[in-house]
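Engineer: Have a look at this one before I ask anything.
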Amino acid sequence: MTARLEGKTIGITGAASGMGLAFAHRFAEEGANVLIVDLDPQAAEAAAKSIIAAGGRAAWAQANVTERDQVRAAIQVAVSEFGRIDVWFNNAGLNRPLGFLDVTEENWSAILDVNALGTLIGTQEAAKQFRQQDGLGKVVNTASISGRVGDANTAAYCAAKSAVISLTQSGAKALAEDDITVNAFAPGVVATPLWEKLDEDLMAIGASRVPGEAMKNFSAGILRGRVAEAEDIVGTALFLASQDSDYMTGQVIMIDGGMVLV
Ligand SMILES: NC(=O)c1ccc[n+]([C@@H]2O[C@H](COP(=O)([O-])OP(=O)(O)OC[C@H]3O[C@@H](n4cnc5c(N)ncnc54)[C@H](O)[C@@H]3O)[C@@H](O)[C@H]2O)c1
């Protein structure tokens with residue numbers, strides 16, 4: 001069987017951990033050149049090295065997705081290493097729960113900046129690079145069930161992920177004539193370092209009492225009967241990165257075990 005991403009170059013933000021790291025490994029196994037982009041340079045370098053050690057092709061760049069110059073420079077790392085980019089994943093994310101009445105301007109801005117502004121900047125800068133190349137360009141955004149339903153303790157995150165869904169639609173309309181597709185996927189509860197921190201933070205604000213309780217409560221309605229591992233999301237990300245999704249744009253795939261039915 002031929003590799004599904006042979007020769008494609010794929011940049012992934014937030015790829016030093018969690019889902020992004022799982023995507024990066026699988027994409028490299030499928031023949032892609034992978035650019036690991038992350039705020040944490042040590043973790044980004046370690047991620048790229050682990051892919052290379054496994055026989056894949058990878059490079060890394062430190063970038064804060066809210067800083068346009070850094071995102072632009074990261075894209076140029078992929079261009080100088082691999083000649084072009086074909087797919088750009090806006091995957092970096094951040095959540096800091098607070099009760100609805102306690103949400104501060106600082107909390108709002110930090111969460112909206114990384115999740116929503118980061119997605120806008122990443123899409124714009126990737127699109128500028130795609131325009132200089134031939135062929136189809138793909139943008140894939142990490143949304144969330146939180147973009148589909150509100151939540152009392154993560155209002156800013158829910159608003160930010162709604163913005164990601166909205167940017168997916170606007171980007172698809174704006175960039176269609178450039179042969180650029182923009183799609184998203186929306187995970188539910190995924191056992192990554194993000195959720196470990198969320199579990200601690202929800203305890204700290206009194207929304208749960210013991211470790212693991214918040215995750216358990218949050219996951220009670222998952223039709224598939226368990227939380228996801230990052231590996232459960234990889235197939236959907238691979239589909240969106242591959243030519244199998246070429247005819248799709250402006251769409252959001254729910255990959256949440258049947259947690260939120262919309
Ligand atoms: N874990 C879940 O249950 C879940 C569910 C739905 C959606 N998501 C979304 O999935 C994405 C990946 O999350 P994860 O669970 O793998 O989290 P994670 O915490 O394991 O990984 C997130 C990565 O993003 C990086 N990052 C954070 N802020 C950044 C910034 N400003 N610039 C560049 N990199 C930055 C971190 O350093 C980290 O490596 C996020 O967008 C998150 O909101 C997660």
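The values are calculated or read from the model by the stated rules, or taken from the named source; none is laboratory data. As the structure is a prediction and not an experimental result, all values here were calculated from the model. Cβ coordinates were reconstructed from backbone atoms using ideal geometry, including for glycine residues, and neighbour counts include every protein chain displayed.
Engineer: Pairs needed: first member in segment 125-153, over 30 Å from GLY99 (Cα atoms); second member anywhere, surrounded by 21 or more Cβ atoms within 10 Å (Cβ to Cβ) and aromatic (Phe, Trp, Tyr); C-beta distance under 6 Å; at least 6 residues apart or different chains.
Structural biologist: If the second residue must be surrounded by 21 or more Cβ atoms within 10 Å (Cβ to Cβ) and aromatic (Phe, Trp, Tyr), the pairs left are ALA126/TRP88; GLY137/PHE130; VAL139/TRP88; VAL140/PHE89.
Engineer: Would you check which residues across segment 146-181 are small (Gly, Ala, Ser), farther than 18 Å from ASN91 by Cα and part of a helix (DSSP H, G or I) and list them? Working first, answer last.
Structural biologist: Looking only at segment 146-181, we keep the residues that are small (Gly, Ala, Ser), and these are 146-147, 150, 152, 155-156, 159-160, 162-163, 166, 170-172, 174, 176.
Checking which are farther than 18 Å from ASN91 by Cα leaves us with 150, 152, 155, 174, 176.
If the condition is that a residue be small (Gly, Ala, Ser), farther than 18 Å from ASN91 by Cα and part of a helix (DSSP H, G or I), then ALA155, ALA174, ALA176 are the ones that fit.
Engineer: Any idea which of (1) in a loop (DSSP other than H, G, I, E, B); (2) in contact with a helix residue (DSSP H, G or I) (Cβ under 6 Å, 6 or more places away or on another chain); (3) more than 30 Å from GLY7 (Cβ to Cβ) is the one ARG209 doesn't satisfy?
Structural biologist: (2)
Engineer: Hey, could you check segment 84-93 for residues that are more than 15 Å from the ligand (Cβ to nearest atom) and either among the aliphatic types (A, V, I, L, M) or surrounded by fewer than 19 Cβ atoms within 10 Å (Cβ to Cβ) (or both) and say which is farthest from the chain's Cα centre (by Cα)? Break it down into steps so the answer makes sense when it comes.
Structural biologist: Applying the first criterion (more than 15 Å from the ligand (Cβ to nearest atom)) to segment 84-93 yields 84-87.
Those left that are additionally either among the aliphatic types (A, V, I, L, M) or surrounded by fewer than 19 Cβ atoms within 10 Å (Cβ to Cβ) (or both): 84-85, 87.
Working: ARG84: 20, ILE85: 17, VAL87: 12 Å.
Only one residue fits best here, namely ARG84.
Engineer: If MET203 satisfies every condition in (1) away from the ligand (no atom under 15 Å from the Cβ); (2) assigned to a helix (DSSP H, G or I); (3) more than 21 Å from PHE239 (Cα to Cα); (4) modelled with pLDDT of 95 or more but one, which is the exception?
Structural biologist: Checking MET203 against (1) away from the ligand (no atom under 15 Å from the Cβ); (2) assigned to a helix (DSSP H, G or I); (3) more than 21 Å from PHE239 (Cα to Cα); (4) modelled with pLDDT of 95 or more, the one that fails is (4).
Engineer: Looking only at residues that are over 16 Å from ALA230 (Cβ atoms) and either among the β-branched types (Val, Ile, Thr) or within 10 Å of the ligand (Cβ to nearest atom) (or both) in segment 11-40, which one is surrounded by the fewest Cβ atoms within 10 Å (Cβ to Cβ)?
Structural biologist: Out of the qualifying residues, it is ASP40.
Engineer: May I ask you to say which residue of GLU105, GLU81 is within 30 Å of ASP201 (Cα to Cα), more than 16 Å from the ligand (Cβ to nearest atom) and more than 20 Å from the chain's Cα centre (by Cα)? Reasoning before the result, please.
Structural biologist: Numbers: GLU81 fails: within 30 Å of ASP201 (Cα to Cα).
Matching residue, one of GLU105, GLU81: GLU105.
Engineer: ARG96: within 14 Å of the ligand (Cβ to nearest atom), in a loop (DSSP other than H, G, I, E, B) and modelled with pLDDT of 95 or more, yes or no? Steps first, please.
Structural biologist: Values: within 14 Å of the ligand (Cβ to nearest atom): yes; in a loop (DSSP other than H, G, I, E, B): yes; modelled with pLDDT of 95 or more: yes.
Yes; evaluated as a whole, the condition is true for this residue.
Engineer: Which ones in segment 154-170 are buried (at least 21 other Cβ atoms within 10 Å of the Cβ), of a type in the set (Gly, Ala, Ser) and under 16 Å from the mean Cα position of the chain (by Cα)?
Structural biologist: Across segment 154-170, the qualifying residue is only ALA160.
Engineer: Right, here's the next one. Of the conditions (1) within 23 Å of LEU5 (Cβ to Cβ); (2) within 12 Å of the ligand (Cβ to nearest atom), ALA48 fails just one. Which one is it?
Structural biologist: Result: ALA48 fails condition (2) only.
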